[in-house]
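Notes follow the structure.
What follows is calculated from the coordinates using simple rules that are stated; it is not laboratory data. Computed from a prediction, not measured in an experiment: that's the story for all the values here. Positions of Cβ are generated from backbone atoms using ideal geometry, with glycine treated the same way; all protein chains shown enter the neighbour counts.
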Amino acid sequence: MTIGWKLTRECRDTLLEQLPPAYARVVADHVTLSIVGDTSPPPVEEARIVGRADDGAGVEAMVVAVNGSTARPDGKVWHVTWSLAADRTPRESNDIIADFGWTSIAECTLVLEPAVW
């Protein structure tokens, strides 16, 4: 199972209008805390999109600050996989952020709900 936070539908809809996806398959669904576990995480006090990463070949992710930090406990960067080309996977977001870095953008507030999926 995966644990983390899901974007509320209203938040997702608003952000997709503000930040149009670069690729055909829209994800824009969640922020992962861990791929191990079955207990919902605590609510976050504040979450904001602060940056964007795109490898130019089919993976786009929005970098997220959770409670003021972009650093996940596992050393990776908090993010939302935003959009993908048909042959790409959400897990590749971690790789493109590590390999290409990310660019700051105007901050957008996220409304997140604790979840297990």
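Keeping to segment 9-55, report how many residues are touching a strand residue (DSSP E or B) at 6+ places or on another chain (Cβ under 7 Å), within 17 Å of Ser83 (Cα to Cα) and among the β-branched types (Val, Ile, Thr). Qualifying residue count, segment 9-55: 6. Out of all the residues in segment 5-18, is one or more of a type outside the set (Val, Ile, Thr) and within 17 Å of Thr103 (Cα to Cα)? Yes, some residue in segment 5-18 is of a type outside the set (Val, Ile, Thr) and within 17 Å of Thr103 (Cα to Cα).
Conditions tested, residue by residue: (1) within 20 Å of Arg91 (Cβ to Cβ); (2) part of a strand (DSSP E or B).
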{"position": "Glu10", "(1), (2)": "no, no"}
{"position": "Leu15", "(1), (2)": "no, no"}
{"position": "Leu33", "(1), (2)": "yes, yes"}
{"position": "Ser40", "(1), (2)": "no, no"}
{"position": "Arg48", "(1), (2)": "no, yes"}
{"position": "Arg52", "(1), (2)": "yes, yes"}
{"position": "Ala57", "(1), (2)": "yes, no"}
{"position": "Val64", "(1), (2)": "yes, yes"}
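Given the criteria over 12 Å from Val27 (Cβ atoms), of a type in the set (Val, Ile, Thr), surrounded by 13 or more Cβ atoms within 10 Å (Cβ to Cβ) and in contact (Cβ under 8 Å) with a residue 24 or more places away in the chain, does Val59 qualify? Considered against the rule, which asks whether it is over 12 Å from Val27 (Cβ atoms), of a type in the set (Val, Ile, Thr), surrounded by 13 or more Cβ atoms within 10 Å (Cβ to Cβ) and in contact (Cβ under 8 Å) with a residue 24 or more places away in the chain, Val59 comes out as no.
With respect to the conditions (1) closer than 22 Å to Cys11 by Cα; (2) among the aromatic types (Phe, Trp, Tyr); (3) surrounded by 12 or more Cβ atoms within 10 Å (Cβ to Cβ), Trp117 falls short on a single one, namely (3). Out of all the residues in segment 88-103, is one or more touching a residue at least 60 places away in the same chain (Cβ under 8 Å), surrounded by 12 or more Cβ atoms within 10 Å (Cβ to Cβ), under 11 Å from the mean Cα position of the chain (by Cα) and under 19 Å from Thr14 (Cα atoms)? No, because not a single residue in segment 88-103 is touching a residue at least 60 places away in the same chain (Cβ under 8 Å), surrounded by 12 or more Cβ atoms within 10 Å (Cβ to Cβ), under 11 Å from the mean Cα position of the chain (by Cα) and under 19 Å from Thr14 (Cα atoms).
Specify the residue that is surrounded by the fewest Cβ atoms within 10 Å (Cβ to Cβ); the eligible residues are those in segment 66-87 that are in a loop (DSSP other than H, G, I, E, B) and polar (S, T, N, Q).
Checking each candidate, the answer is Asn67.
Can Ala28 be described as touching a helix residue (DSSP H, G or I) at 6+ places or on another chain (Cβ under 9 Å), buried (at least 17 other Cβ atoms within 10 Å of the Cβ) and part of a strand (DSSP E or B)? Answer is no for this residue.
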